[in-house]
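The values are calculated or read from the model by the stated rules, or taken from the named source; none is laboratory data. Predicted model, so just to flag it, every value in this text is computed and none were measured. Neighbour counts are summed over all protein chains in view; Cβ atoms, including those assigned to glycine, are modelled from backbone coordinates with ideal geometry. Accessible surface is based on the protein model in full, side chains and every heavy atom, while ligands, DNA and RNA are left aside. Shrake-Rupley method; radii C 1.70, N 1.55, O 1.52, S 1.80 Å.
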Amino acid sequence: MFDIGVNLTSPQFAKDRPEVIRRARAAGLTGMLLTGTNAAESAEAARLAAEHPGFCWSTAGVHPHEASGWNAQVEQQIRQLAAQPGVAAIGECGLDFNRNFSDPASQERAFSAQLALAAELQRPVFLHCRDAHARFIALLAPWMPQLPGVVVHCFTGTQPELEACLALGASIGITGWVCDERRGLALRDLLPLIPADRLLLETDAPYLLPRDLPEKPASRRNEPCFLPHIVQQVAARRGDDPEWLGKKTDDNARRLFRLA
């Protein structure tokens, strides 16, 4: 089982990061991808990944919330990080018109620049899209032939949006959102539509604690060690064997991010 979305640089993990990784290993995880959301956090994610070679890798990029800070200096920092052996993808990047912490024009500029950088460096991209599907697809589509791999992380969209992402050739990241009986019902119905070889699984820890965990932590903090629960739930909704799905999505992650 490979968790493609772990925000290990979050302050919520400040006191027990080694224990979080230990619990992930004990739960049967075989790898984790640590998410970078700006230049400083991308550097920290790369540092943390380097402490756990063969189990942790990282991404380097600028999240749409941080896009107003994109400039030539930040681009150079991301470029330098991407050259490190443990940095497996450019991102998290994309568009988020739900909150617009950065204005849409800045988001589009930073997103396009990171797609160009990924194409130049031939690195996969780790993408974010929320309430911005039409522009997201419009900006991404021209770059797809030049990108070695793409995953739309934490997908929670509609069936037409899923079909559009799949038509481009993107892989789809699914989180514990499907474990939410309030908000995840529509997404559950879409799980069988995702080809097995383009499905990836993630916790997005410390966010999106699965609501149907038999025993929830008092902190309400999500952790990578809860990925097996997500694998079980996704497998049940797809009609897959959980052990097979865990291995298949691990294989998918290693192929997409070109990991040993």
| task | Considering only the range 54-67, state which residues are over 22 Å from Q122 (Cα atoms) and either surrounded by fewer than 22 Cβ atoms within 10 Å (Cβ to Cβ) or within 15 Å of the chain's Cα centre (by Cα) (or both). | result | F55, H65
| field | Residue match in the range 108-117 (condition: over 18 Å from G61 (Cα atoms) and either acidic (D, E) or crowded, with 17+ Cβ neighbours inside 10 Å (or both)) | value | no
| said: Tell me yes or no: at least one residue of the range 222-245 is modelled with pLDDT under 95 and more than 19 Å from the chain's Cα centre (by Cα). | reply: no
| task | Any chance you could count how many residues in the range 234-260 are crowded, with 20+ Cβ neighbours inside 10 Å and out of contact with any Phe, Trp or Tyr (no Cβ under 7 Å at 6 or more places or on another chain)? | result | 6
| Does the range 153-205 hold any residues that are surrounded by fewer than 20 Cβ atoms within 10 Å (Cβ to Cβ), closer than 21 Å to M32 by Cα and of a type in the set (G, A, S), and which are they? | A196
| field | Given (1) under 19 Å from the mean Cα position of the chain (by Cα); (2) within 28 Å of P217 (Cβ to Cβ); (3) assigned to a loop (DSSP other than H, G, I, E, B); (4) free of Cβ contacts under 8 Å to residues at least 40 places away in the same chain, number of the condition K15 does not satisfy | value | (1)
| note | Looking across the range 21-38 at residues that are part of a helix (DSSP H, G or I) and out of contact with any strand residue (DSSP E or B) (no Cβ under 8 Å at 6 or more places or on another chain), the single one that is least open to solvent (accessible area, probe 1.4 Å) is R23
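For the range 118-214, please list each of the helices (runs of 4 or more DSSP H) lying entirely inside it that holds at least 1 residues being touching a strand residue (DSSP E or B) at 6+ places or on another chain (Cβ under 7 Å).
Values: elements: 133-140, 159-168, 185-190.
Because the criterion is at least 1 residues that are touching a strand residue (DSSP E or B) at 6+ places or on another chain (Cβ under 7 Å), the helices (runs of 4 or more DSSP H) in the range 118-214 that meet it are 133-140, 159-168.
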| message | Quick check on F226: is it among the aromatic types (F, W, Y) and open to solvent by less than 30 Å² (accessible area, probe 1.4 Å)? | response | no
